[in-house]
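So the structure is just underneath, and the comments pick up after that.
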Amino acid sequence: MPASYAYLGPEGTFTEVALRTLPETATRELIPYVSVQSALDAVRAGEAEAAFVPIENSVEGGITATLDELVAGEPLMIYREVLLSITFALLVRPGTKLSDVKTVTAHPAAQPQVRNWLKAHLPDAVWESAASNADGARLVQEGRYDAAFAGEFAAARYGLVPLETGIHDAENAQTRFVLVGRPARPAAPSGADKTSVVLWQRNDHPGGLRDLLGEFSTRGINLMLLQSRPTGAGIGNYCFCVDAEGHINDRRMAEALMGLKRICLQVRFLGSYPRADIGVADVRTPLAGTSDGEFMAAADWVARCQDGRF
């Protein structure tokens, strides 16, 4: 496998900035791709060891392009996550004034994060989506648009200047990025982990979602993300992307996944990996009866009953 990481490009994206926080990038070639799909397809085709892509932001929620790619196609697995605080700059060609800006561009996920600023300062500007924020900067450089919302760090790369900086509608906005590779054995539990899965119901029935969530709640597992995505099989047909606290090697998580496998039409395991938001010392105390020791003691009791040793 090539010693390279694919990422959502071009150069100068928030994705690249987040990727470079990983220590192992010092020994990897970093290759920009024009879309999330093309970056993940590079991994599927064996052209890259892993891909680094955005998956969620604290303002808009899940990044649908990434979720849909992980739901469909040849299976991939998440190995790492990175959180990056996001604030935008309005990048323009030198000499451009705010009154000159009639068209703006950025990645679609940026729009909800700057909507109020745009309404207050450029209410008549026409918005057009770009493949990424850095690609929007490139399009401004080429004269296709008047301004782009991107990271201030991208200005020099594309010969632009920041007309406005520190733009954000929500304080402390963050985007979550994930390192995705081909399926393999998950890393050992860190003590502060997250497990991601995709769930398909066998059929549509009252309480169907409750049944899926019950496999987690009865074992004291907290959910961190729940998002429905259309399956493409018609209106009303959805699968569910779930992030849950814990590791597949934890007894409660393993039992929850076994329960889901029994009742779901399909379960796609997307990985167990260290959380980026907290450390081991901050992990919540398991609810009574849901620790690994209690699961093991209960299994031992059942075995003794089966042997007539109760």
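The values are calculated or read from the model by the stated rules, or taken from the named source; none is laboratory data. Note that this is a predicted model, so its numbers are computed, not measured. Glycine also receives a Cβ, built like all others from the backbone with ideal geometry; neighbour counts cover every protein chain displayed. Ligands, DNA and RNA are stripped out before the accessible areas are found, and what is left, the full protein with its side chains, is counted by its heavy atoms. Shrake-Rupley method; radii C 1.70, N 1.55, O 1.52, S 1.80 Å.
What accessible area per residue comes out for segment 254-310, rounded to a whole number of Å², with a 1.4 Å probe?
Accessible area per residue, segment 254-310: 65 Å².
Just read off the accessible area of Cys241 with the full protein assembly in place, 1.4 Å probe, to the nearest 10 Å².
10
Rolling a 1.4 Å sphere over the protein heavy atoms, what is the accessible area per residue of segment 117-214, to the nearest Å²?
Working: 4790 Å² over 98 residues.
Value for segment 117-214: 49 Å² per residue.
At 1.4 Å probe radius, can you tell me the per residue accessible area of segment 47-96 in Å²?
35
For segment 42-159, which whole percent of the accessible surface, found with a 1.4 angstrom probe, sits on carbon and sulfur atoms?
Roughly 49 percent, rounded to a whole number.
Let me cross-check Lys119: its accessible surface, 1.4 Å probe, with only protein heavy atoms counted, in Å² to the nearest 10?
Approximately 150 Å² for this residue.
Here are a few candidate values for semi-axes √(5λ) of the Cα gyration tensor in Å: (i) 36, 23, 18; (ii) 46, 23, 17; (iii) 42, 20, 18. Which one was actually calculated from the structure I just gave you?
Of the listed options (i) 36, 23, 18; (ii) 46, 23, 17; (iii) 42, 20, 18, (iii) comes from this structure.
Kindly state, as a whole number, the per residue volume in cubic angstrom of the convex hull around the alpha carbon atoms of segment 266-310.
About 139 Å³ per residue, rounded to a whole number.
Would you check the accessible area of Thr13, probe 1.4 Å, heavy atoms only, in square angstrom rounded to 10?
Estimated to the nearest 10 Å², Thr13 gives 10 Å².
Just to confirm the filter: which GluC sites (Glu not before Pro) across segment 117-177 are DSSP coil and have at most 10 other Cβ within 10 angstrom of their Cβ? Walk me through the numbers on the way to the answer.
Values: sites: Glu128, Glu142, Glu152, Glu164, Glu171; in loops: Glu142, Glu171.
Passing sites in segment 117-177 are Glu142, Glu171.
Straight-line reach from Lys102: which lysines have Cα under 22 Å away, leaving out those fewer than 8 places along the same chain?
Excluding near neighbours in sequence, the set is Lys119.
How about Lys194: which aspartates and glutamates have a C-alpha closer than 19 Å to its C-alpha, ignoring those fewer than 8 places off in the same chain?
Leaving aside aspartates and glutamates fewer than 8 places away in the same chain, those within reach of Lys194 are Glu56, Glu81, Glu215, Asp243, Glu245, Asp250, Glu255, Asp277, Asp282, Asp292.
Based only on Cα atoms, what mean projected area does the convex hull of segment 84-180 have, in nm²?
For segment 84-180, averaging the hull's shadow over all directions gives 6.0 nm².
Under 13 Å Cα-Cα from Lys97, which aspartates and glutamates qualify once same-chain neighbours fewer than 8 residues away are excluded?
Correct list for Lys97: Asp146, Glu164.
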